[in-house]
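The values are calculated or read from the model by the stated rules, or taken from the named source; none is laboratory data. Because the structure is predicted, anything quoted here is derived from the model rather than measured. No Cβ is skipped: glycine too gets one built from the backbone with ideal geometry, and neighbour counts run over all protein chains shown. SASA here: full protein model, heavy atoms, side chains in, ligands and nucleic acids out. Shrake-Rupley method; radii C 1.70, N 1.55, O 1.52, S 1.80 Å.
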Amino acid sequence: VPSAAKAAGKVNKHVWDVRYNYVSPDCYKKLAITINGLVPGPTIHAVEGETVVVQVTNSLVTENVAIHWHGIRQIGTPWSDGTESVTQCAIQPGDTFVYQFVVDKAGTYMYHAHYGMQLGDGIYGMIRVKAAHKEPFSYSSEHEILLSDWYHKNAYEHAIDLSSEPFVWVGEPNSVLIQGRAFACNEPGTEAGQCKEPNRKCSPFSLNVRPGRTIRLRIGSLTALSTLSFEIEDHEMTVVEADGNYVEPFKVKHLYLYSGETYSVLIKTSPKKDRSRNYWMVAKVVSRESSTPSGLAILNYNFNPPLALPPTDPPVGPHWNDTSDRIDQSVAVKAHHAYLNPPPKKSDRTIILLNTQNKIDGKVRWSLNNVSLNLPHTPYLIALKENLSYVLDHKMPPDSYDVENYDIHSVPKNTEAHPSTGGLYRLKFNSIVDVILQNANTMTPNVSETHPWHLHGHDFWVLGYGRGKFNMATDTASYNLGNPIMKNSVPLHPYGWTALRFRADNPGVWAFHCHIEFHFFLGMAVVFEEGIDQVGELPDSIMGCGETKPFVKP
Ligand SMILES: O=C1O[C@H]([C@@H](O)CO)C(O)=C1O
């Protein structure tokens, strides 16, 4: 166990070059955006209390970039959150930007691009923050497994499709990647179970383990669209951490991951198992009826050849449409009894956000309470700190929708939805805020999608999940105020609601949005401001775009 005192103030420095590179994780050559040539990018290994410094040079020639540190709360450094248009101007080609922040809490975190839909082009990786205290479980080794989905089309083509008239939906991803790799058989068209030899040019990820050990897997999902079910053939997983918070351990056969979530699981490489063979790891798309083949990787027992294929067919995984099973797992994630940090019993304000797909000016958009966010050219953090009128003059979005009359089970009539560069909720500093995410029918009859919601700058308590329309009078009584897990990312299930509570105690401006890249692009986001007067002097390096040009000091 490293010492917290030693870690405090220690600088953990990284030099990154963001550049294009051809990669072919699934045997298809794609122009990807990489960090130092890699997809996924390098893992940041840190100890809680350390100061992480990442010097990012944008070598993309004609494209901007910004990098978000997903799950890191950025206490005292809101300008390092890396959210273009919210906390900074994008990093221009040829420029270098230095992110600096403290990793104050042990856990499994991630980073990814937060500019346009670049995430989908491969700019992501993991942050492993080691504990400086004893953890409530032990293991002999640990490994990162980052899950993603993969499109052969790039972010530019997706942007054109999604903003064209008629609307062109991006469709399902071509592949699911496990730690940046897919599975391809040497004999094309052969099913994984029948495959004799993997194609070595684009071979699957293989994780080497020794028998008879307890192994910690830090699993994260940064899909652009998909919800995944992760499973290891014949190996049960014990969930022990979620988004950097200790979980009261529970066992799963398959683990659902919504984009933006991380989990640590423990697996036992039981010596009773046949160690003369390898086992499949599978990441299957669920919650959408997808044509995407499952991502496959290999759990490689010492000393078998790393790419020796398991003699069995990969597990088929849960049915894509088993919403109950997914809700059950969401509800099962509770705070570890020795690490309880229960929420205040009451909140000061409740914001109910109705999630709808709408057609605005002939185009498909996503809205919250009928407001669909268009990101402004001037980042909110700078606009609010420097009192730039365009944000302050904007009409604030509503705290609720027409709860009485809105039918969440029907296609929206959406007479009022409008695009806005507002979307800004100003929260009283240190107040307790409840957010109720309310799902509804999309523009397709009898369809309600899954939305993975992510809050920047905070962990929130997950108070509950329910089906149908949230009822303020009765559903609040069902809240878990005893041992709710704290998270930064959480699913909103089809036709359901999810209730969150957080303390608005981190001075800054924070995005709260659906983590599906395409939905964020289509407006599915709001912005929270709290304690802007307590934010320190903004660094010049975040300025230079929109109305912030005058604030760049000579
Ligand atoms: O935004 C979306 O558009 C499609 C579909 O609703 C229209 O093609 C889809 O599945 C989304 O999530």
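Structure values in brief
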{"item": "Prolate/oblate/rounded call for segment 503-554, Cα gyration tensor, a/c under 1.5 rounded", "result": "oblate"}
{"item": "Coil-residue chymotrypsin sites (Phe, Trp or Tyr not before Pro) of segment 114-184, DSSP, other Cβ within 10 Å capped at 11", "result": "Trp169"}
{"item": "Virtual spin-label span in nm between Val403 and Ala131, 7 Å along Cα→Cβ", "result": "3.9 nm"}
{"item": "Dipole magnitude of segment 429-554 about its Cα centre (Cβ charges: Lys, Arg +1; Asp, Glu -1), debye to nearest 20", "result": "360 debye"}
{"item": "Cysteines in the chain lacking a second Cys C-beta under 4.7 Å", "result": "Cys514"}
{"item": "Within the accessible area of the chain (1.4 Å probe), percent carbon and sulfur", "result": "51 percent"}
{"item": "Pairwise centroid distance, computed over Cα atoms, of segment 83-147 with segment 422-449, Å", "result": "25 Å"}
{"item": "Tail beyond 30 Å, pair distance distribution of segment 137-339 (Cα, percent)", "result": "23 percent"}
{"item": "Fully extended contour minus Cα-Cα distance, from Thr62 to Asp361, at 0.36 nm per residue", "result": "104.6 nm"}
{"item": "Cα centroid separation, segment 470-537 to segment 152-177 (Å)", "result": "27 Å"}
{"item": "Cα-derived Rg over Rh, computed across segment 1-134 with Rh taken as Kirkwood radius", "result": "0.99"}
{"item": "Cα-centre dipole for segment 1-134 with unit charges at Cβ (Lys and Arg positive, Asp and Glu negative), debye to 20", "result": "540 debye"}
{"item": "Set of segment 447-473 residues, backbone N closer than 18 Å to the point 7 Å along the Cα-Cβ line of Ser324", "result": "465-468"}
{"item": "Net dipole in debye of the chain [+1 Lys, Arg Cβ; -1 Asp, Glu Cβ; about Cα centre; nearest 20]", "result": "1460 debye"}
{"item": "Cα-projected label distance for Lys346 with Lys253, points at 7 Å along beta-carbon direction, nm", "result": "4.6 nm"}
{"item": "Beta bridges by DSSP in the chain, antiparallel share as percent, to the nearest 5", "result": "75 percent"}
{"item": "Positive-end residue, segment 137-339 charge dipole about Cα centroid, Cβ charges, pick of Ala159, Ser229, Gln179", "result": "Gln179"}
{"item": "Theoretical gain in end-to-end length, Cys27 to Tyr156 [0.36 nm per residue, Cα-Cα removed]", "result": "44.3 nm"}
{"item": "Charge dipole of segment 341-551 about the Cα centre (unit charges at C-beta), most positive-ward option of Tyr406, Pro344, Ile542", "result": "Tyr406"}
{"item": "Within-14-Å neighbourhood charge of Gly482 [Cβ basis; K, R +1; D, E -1]", "result": "+2"}
{"item": "Positive-pole candidate from Gly120, Gln88, Leu38, dipole of segment 1-134, charges at beta carbon", "result": "Leu38"}
{"item": "Cα-based Rg of segment 159-242 normalised by 2.2 N^0.38 Å, two decimals", "result": "1.47"}
{"item": "Span from the segment 358-401 Cα centroid across to the segment 1-66 one, whole angstrom", "result": "31 Å"}
{"item": "Debye equation applied to the C-alpha atoms of the chain, log10 I(q)/I(0) at 0.06 Å⁻¹", "result": "-0.27"}
{"item": "Fully extended contour minus Cα-Cα distance, from Val316 to Phe167, at 0.36 nm per residue", "result": "50.3 nm"}
{"item": "Entries of Lys105/Lys334; Lys251/Lys334; Lys153/Lys487 with Cα pairs more than 23 Å apart", "result": "Lys153/Lys487"}
